[in-house]
Amino acid sequence: MDYCFRSLTRFSISTVLLAILLSSFSFTCTEAYDALDPNGNITLKWDIISWTPDGYVAVVTMYNFQQYRHISPPGWTLGWTWAKKEVIWSMMGSQTTEQGDCSKYKAAQPHCCKKTPTVVDLLPGTPYNQQIANCCKGGVINSWAQDPNNYASSFQVSVGAAGTTNKTVKPPKNFTLLAPGPGYTCGPAVVGKPTKFITPDGRRVTQAMMSWNVTCTYSQFLAQKTPTCCVSLSSFYNDTIVPCPTCTCGCQNNITHPGSCVNANSPYLASVVNGPGKNSLTPLVQCTKHMCPIRVHWHVKLNYKEYWRVKVTVTNFNYRMNYSQWNLVVQHPNFDNLTQIFSFNYKPLTPYSSINDTAMLWGVKFFNDFLNQAGPLGNVQSELLFRKDKATFTFDKGWAFPRRIYFNGDNCVMPPPDAYPYLPNASSRLSFSLFTLLSMCFSVLFVFVFV
């Protein structure tokens, strides 16, 4: 009996430990998964285009295959670890941030001798003799769906002290990508089919000597520990305006953390905004109850016989950030009957082809594609007109409000469902109206009978 009990105890403990291990494994595997863009990633292609006496020349291209998540200023930063003792002799279209110790090279000095180089894009306006195609954008890459003509960035690198054949060359390892902050996790370099290049005249195709592919996926949890945006709600049928949840992105605490926010009416606003941290990626937000850099407001505006209308407003509370090429992703079941949208661009996102309930919205070029920093001009807005589907349409139980909203690829915090503006109780209004009508009838009858 005692033996059986000990065996059962060991089995139970082993089962619990296995369950914990599996749960942690599943979390690691799914933390970067985005249900609205299940195949989204950034892919690096490392194409060796020629051999040199001590190494090779490669073109490295970064493709943003994410539908709505882009790389904003100050742009991407790419790093890796060399597999052997490679050096970078020269680069075009980019540069390393440090040269490292190149003292053993007496004649010609390499561009970089670090074991773990860090590479950044060159800025617009770089001399033409330092450029290649798709370079020199300051590290900014647009999303694939929003701007398919500008979803890639390239640079050329000449590598020395490396192999000179397909069998002796080794791919770099431990790739890291900041875009511009943390959030991306990169896998190992995988040998792929050699990339083919078409000449500008389209009459000749050349082929890389060897190609490696690296896939980087995004996790909002790794990018920041706190949310970056929130959603507020209102409607024409209820006077209640549901604000963003309190302390969504942090709490006002200028006592223990001075400078965590700034009042819009502060006389020192200009000096604080232009202070020492003006180039920092850390948001300097306007003091609000939610403390989020971005708020998206969804207002159910009008109800017609066959249509209904919504107004969407995006407000920037961040004094340190202008959002160029911003976008929204909104999930709502009535997007399959979107009739018209005013002053925003629209594209349906259908990762699951049978369901059309997700829309990507972004500004019109040169009109409202630039969301200014916090202040009087720090907002953009548009209206959406939906056709009613008699089988599903209702204003009851918060159906008219979105299921989720993303801003620039980050999931925004929604108010709790029980706080949504509710539809007034029609039966109570009807009962009250009948009671009033009966009272008036009895009053009139009383007057005719007794007067």
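Sites listed here are trypsin sites (Lys or Arg not before Pro) in the range 314-421 whose DSSP assignment is loop and whose Cβ has at most 14 other Cβ atoms within 10 Å: K365, K390, R403.
Here A391 and C247 are evaluated by their C-beta separation; at R0 = 41 Å the FRET efficiency comes out at 0.55. Computed with a 1.4 Å probe over protein heavy atoms only, the accessible area of K173 comes to about 100 Å². Separation of the range 367-423 from the range 36-62 is 39 Å, based on Cα centroids. Of all the accessible heavy-atom surface of the range 146-285, with the other protein chains kept in place and a 1.4 Å probe, what percent is carbon and sulfur? Of all accessible area on the range 146-285, carbon and sulfur atoms account for 56 percent.
Solvent exposure of the range 187-322 amounts to 57 Å² per residue of accessible area, where only protein heavy atoms count and the probe is 1.4 Å. Across R204, R69, R295, the residue with the most accessible area heads the list, and the full order at a 1.4 Å probe is R204, R295, R69.
When the solvent-accessible area of the range 340-416 is split by element, carbon and sulfur atoms take up 54 percent of it, the probe being 1.4 Å.
Calculated FRET efficiency, E98 to T339, Cβ-Cβ distance, R0 = 45 Å: about 0.20 to the nearest 0.05. Under 28 Å of direct C-alpha separation, and excluding same-chain neighbours fewer than eight residues apart, K301 reaches these lysines: K289, K311, K347, K365, K388, K390, K397.
For the cross-link pairs K84/K173; K137/K170; K84/K114, the ones whose C-alpha atoms lie over 19 Å apart are K137/K170.
The values are calculated or read from the model by the stated rules, or taken from the named source; none is laboratory data. This structure is a prediction, so every number in the text was calculated from the model and none was measured. Cβ: placed from backbone, ideal geometry, glycine included. Neighbour counts: every protein chain shown. The accessibility values were calculated without ligands, DNA or RNA, using every heavy atom of the protein model including side chains. Shrake-Rupley method; radii C 1.70, N 1.55, O 1.52, S 1.80 Å.
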